[in-house]
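This report concerns only the one structure given below.
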Amino acid sequence: MDTYPLLRKCLVVGIILLFLGGSTTFGVNASCITPQLPRVVHQHVQAIQQDVVGQPCLVGNVKVSPGAGNDYHPRMTTNGLGYPIVVYEQEIDENRKQIPVVYSTDDGQTWTMKFLFDSINFSSGSGMLQYPDIVYNAPNDLLFLTMIDPKADVYNSGMSFIPGDIAHAENATWYGTSTCLSNYTDGGAGCTNNFFIALATADDCAYTLRQVFQLCWVTYPDFKYPPGTSGFNVDGNTLFQSAPASEIEMDSNLNQIFLVCETNLDSGTKITMKTNVMNEELITSGEMQHNMEKYVDPEQMPGEYLGLGTDPDVSGSGNKVCVVYVEDGNVICKSSTTSAVYNPGFNWHTSRVDTNASAPAVYMQGNNVYCAYVKDRDLYLKVSEDGGITWGAAEQKNDVKGTVVAAKGTVDICSRGIAFTDTRNGNYDIYYASYVTRPTPELSITGLIPLKMTIKNIGDAPANNVSWNITVTVKKGFIFPGKFLSGIVIGSLEPGQEITVGRKQLLLGFGSIEILGAAWAENAPLVSEKLTGRLLLFFFVP
């Protein structure tokens, strides 16, 4: 077996590449200090297109896992076509688990297994895959899947890129990464517009820290680190103690990336949150802090404890974020607005979703927050229409009473429905319950030029009292006249309606400038668009 050296904050990665249903070979430069090409292996397997037999019941519960054994840890997302997509652990025996990828084109009534990931077919794989997570990346129309093989000799942390239009996908790409870390357990997936983030927990190389964050940043399709970054780092816990970390989850909103987990401390188990900016210019800026990469290294990410608790989940939308977890048998929600700065300084509002409940999962869309959880072995859904401050009545979503599994990580939720674990057939099976999201306004910004932009409501509900501003920041040089415009659109902006705001006025000056346009409404989160360029007298050059 080849071995690779580990630098303190810069890991050299071994990579294996697998095409599901296709074939190609990539060369990957994963070097940190000096150029070095790690070992690359590629294999080929037949893609799967298998219908899942499931019976719709009274309120739409459908069994999405066809296997006869136990199934665990469902995670889900929605692609650009609105199809719900579920991944989970499919147990073959006590030493064998696979990761199926299933999707539905009819709001969860029928399901198709598109891919089946099995590490027994991967180089050095043990056949034990666990803790899958999946996110949809809209700018590149990609699904990004992560998984862990804790018993593999190497390549313990796995990642896959799947075409966003999964129904017509012909292949998927799988990568495995290898370092000297050991005892891998949990994993998570996230992304910015163009960077994909694989999170894992493992023991550090010196065996002095247990279950630390390992964060890998990669690009598509070349599977390289983002420019100017080392891309692969471990949280040494010098600034904030997040380890030992477990039950990890990831999400983001327009301006922040969120990592949440349990941290087992002497004072009790606490809910940890670490954050990072979504701004790719900052991520690739090369700025250092404490001799480490400020925007790439998880060790440098701002962290805080939200309180004592277990089993957290997180969801963001616009400029807001909600974290749910269990504290003293109650499902708690903490909500806050966020900013785009490195250390956002949250102002948390705490609410109680329900009592004597467990296994919470949260999805946020605008000001609407959807929390699924288990109580008395039944599945419930509650909705908040004010960003997680107050909650409506509980709605039961399972149709066979008293069979929903209440353990950690057994429930997940997306914009189309809820994936949950159920024992109605005698095994641990994954079921799906659909629900209808509330109409929500969503703003977009197009056509940003100096002092003008177009705001459009691309949601399905009116946006009330739309506010906006345009800010011009001088990076180098000078401009005239003022550098700030703002206003309120009286009345509402109907779904599909757009309006151009600002004024026809030339900027005058010389130098490098940045133009930031932002818009928000009473019932819609903030969106922003940025434009950089040079001003030559009154000519703007992007």
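Of all residues in segment 279-288, those satisfying the criterion of being buried (at least 17 other Cβ atoms within 10 Å of the Cβ) and either part of a strand (DSSP E or B) or touching a Pro at 6+ places or on another chain (Cβ under 7 Å) (or both) are Ile283, Thr284.
Where strands (runs of 3 or more DSSP E) fall wholly inside segment 289-389, the ranges with 2 or more residues that are under 26 Å from Gly459 (Cβ atoms) are 310-317, 320-327, 330-337, 349-354, 358-365, 368-375, 378-384. The C-beta contact set for segment 387-399 (first residue surrounded by fewer than 18 Cβ atoms within 10 Å (Cβ to Cβ), second residue assigned to a strand (DSSP E or B) and among the charged types (D, E, K, R), distance under 8 angstrom, 6+ apart or interchain) comprises Gly392/Lys382; Ala393/Lys382; Ala394/Asp354; Ala394/Lys375; Ala394/Lys382; Glu395/Lys382; Gln396/Asp378.
If only residues of segment 59-73 that are assigned to a loop (DSSP other than H, G, I, E, B) and over 13 Å from Asn427 (Cβ atoms) are counted, the one that is modelled with the lowest pLDDT is Val59. Among the residues of segment 242-278, what is the count of those that are in contact with an Asp or Glu (Cβ under 9 Å, 6 or more places away or on another chain) and either assigned to a strand (DSSP E or B) or among the aromatic types (Phe, Trp, Tyr) (or both)? Counting residues in segment 242-278 that are in contact with an Asp or Glu (Cβ under 9 Å, 6 or more places away or on another chain) and either assigned to a strand (DSSP E or B) or among the aromatic types (Phe, Trp, Tyr) (or both) gives 20. Across segment 454-465, the qualifying residues are those that are within 28 Å of the chain's Cα centre (by Cα) and either part of a strand (DSSP E or B) or acidic (Asp, Glu) (or both), and the one among them that is surrounded by the fewest Cβ atoms within 10 Å (Cβ to Cβ) is Asp460.
Looking only at residues of segment 165-197 that are at pLDDT 95 or above and of a type in the set (Gly, Ala, Ser), we find that the one that is farthest from Val212 (Cα to Cα) is Gly190. Among the residues of segment 154-186, the ones that are under 18 Å from the mean Cα position of the chain (by Cα) and assigned to a strand (DSSP E or B) come to 7 in all.
For Gly303, the test of being out of contact with any His (no Cβ under 8 Å at 6 or more places or on another chain), of a type in the set (Gly, Ala, Ser), at pLDDT 95 or above and surrounded by fewer than 19 Cβ atoms within 10 Å (Cβ to Cβ) is failed.
If I filter segment 330-352 for residues that are at pLDDT below 95 and closer than 25 Å to Met76 by Cα, do I get at least one hit? Yes: segment 330-352 contains one or more residues that are at pLDDT below 95 and closer than 25 Å to Met76 by Cα.
Among the numbered conditions (1) outside any loop (DSSP other than H, G, I, E, B); (2) more than 15 Å from Leu215 (Cα to Cα), the only one that Lys151 does not meet is (1). For segment 429-450, filtered to residues that are in contact (Cβ under 8 Å) with a residue 60 or more places away in the chain and in a loop (DSSP other than H, G, I, E, B), the residue that is farthest from Trp468 (Cα to Cα) is Tyr435. If I ask for residues that are closer than 28 Å to Asp93 by Cβ, surrounded by fewer than 23 Cβ atoms within 10 Å (Cβ to Cβ) and out of contact with any Gly (no Cβ under 9 Å at 6 or more places or on another chain), which ones from segment 135-172 would you list? Within segment 135-172, just Pro150 meets the criteria. If only residues of segment 349-384 that are small (Gly, Ala, Ser) and over 20 Å from the mean Cα position of the chain (by Cα) are counted, the one that is nearest to Gly307 (Cα to Cα) is Ser351.
The values are calculated or read from the model by the stated rules, or taken from the named source; none is laboratory data. Please read these numbers as outputs of a predicted model, since none were measured by experiment. Because the Cβ atoms are built from the backbone with ideal geometry, glycine has one as well, and the counts that use them run over all protein chains shown.
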